[in-house]
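The values are calculated or read from the model by the stated rules, or taken from the named source; none is laboratory data. This structure is a prediction, so every number in the text was calculated from the model and none was measured. Reconstructed Cβ throughout: ideal geometry from the backbone, glycine too, with neighbour counts over all protein chains shown.
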Amino acid sequence: MSSDTGFSHRLREYIQQKHGSINSFCSVVGIKYPAQMTPYLQGKCHPGKKMLERLKNDGADIQWLLTGHFNDFPLAPLSNALAFSRSRMDIDNLFRQVHLNVGSGADRYKPVIDAYAFLDHAERLVDLTGSLEAFLGYEPNALAEVRLDFLVHPEDYVLVESTLQRQRQDEDILTFHSRFRTGEGQYISVEWCLYIKSKPMSDLKEYTMVLRKFGS
C-alpha cells in the first residue's frame, strides 16, 4: 500500500467515524466544495500545510493519518495480538480493527499488525489472507505453500529453527526480529510472533503468525 493510499484510507475512516459524511466534515472545517476532497480520498495527492492544519484543528491525529502510527503513544507489544485473538476469525477482526480505528481511548493500545498468515507443521504457508503478500510486495497467492525459511534471511532463520525444534508447549507465543525477503528480492526488518497449537488428534504443530515492520 503506498503512503498516499494509506493516508486516503485512514482519512476516509476518520471522517466517517467522526463526522458521518464528507459533506459534514467539509462544513465543519470550512471547505466550501466537498469535491475538493476527492483527490485526497482517492489517494491521488498528499495533503498540504493548509489541509493538515484543518485536520489538526478538527482533532485528528496527524501522525496516525500520515503514517498509521499514533503520536506520543508507544506501540503495544505485538504478542498482545495473540494473547486472546487466536482463531482465523479473531485475527481477521483484530486486523480490521487496528487498520480502521481512528485512535481514541484504549484503542491506541491495540497492537499494530501489518500482516498475518497461518502455517502447517512443516512451516508452509497454508492459509494466506492477502495481507502477507501485500506487506512483502508479492503478487496475490505467490506465497501459497511457501516455507518459512524461504522468507526469513538464512542467518536469522538459524535462531527460528532452533527455537521451534525445542519441545514447545501448546499455546506458546514466540517473538522474533528477523529480516524477511520481499517480492523484489530485498530484505526488510520485521517483528513477528508465532502462536503454537497442536492439530486436533495429532502431535503435529500448526502456527498462527502476525507481523509488522520493525523500525522505520
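Values computed for the structure shown
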{"read-out": "Residues of the stretch 118-142 satisfying the condition of being assigned to a loop (DSSP other than H, G, I, E, B) and among the small types (G, A, S)", "value": "A122, G130, G137, A142"}
{"read-out": "Within the stretch 149-189, tally of residues that are touching a residue at least 60 places away in the same chain (Cβ under 8 Å) and surrounded by 15 or more Cβ atoms within 10 Å (Cβ to Cβ)", "value": "1"}
{"read-out": "Flag if E184 is under 30 Å from T67 (Cα atoms), in a loop (DSSP other than H, G, I, E, B) and among the charged types (D, E, K, R)", "value": "yes"}
{"read-out": "Qualifying residue in the stretch 194-206 (condition: surrounded by 15 or more Cβ atoms within 10 Å (Cβ to Cβ) and at pLDDT 90 or above)", "value": "no"}
{"read-out": "Residue in the stretch 194-204 that is assigned by TED's automatic domain parsing to the domain that holds L132, more than 20 Å from D156 (Cβ to Cβ) and outside any loop (DSSP other than H, G, I, E, B) present", "value": "yes"}
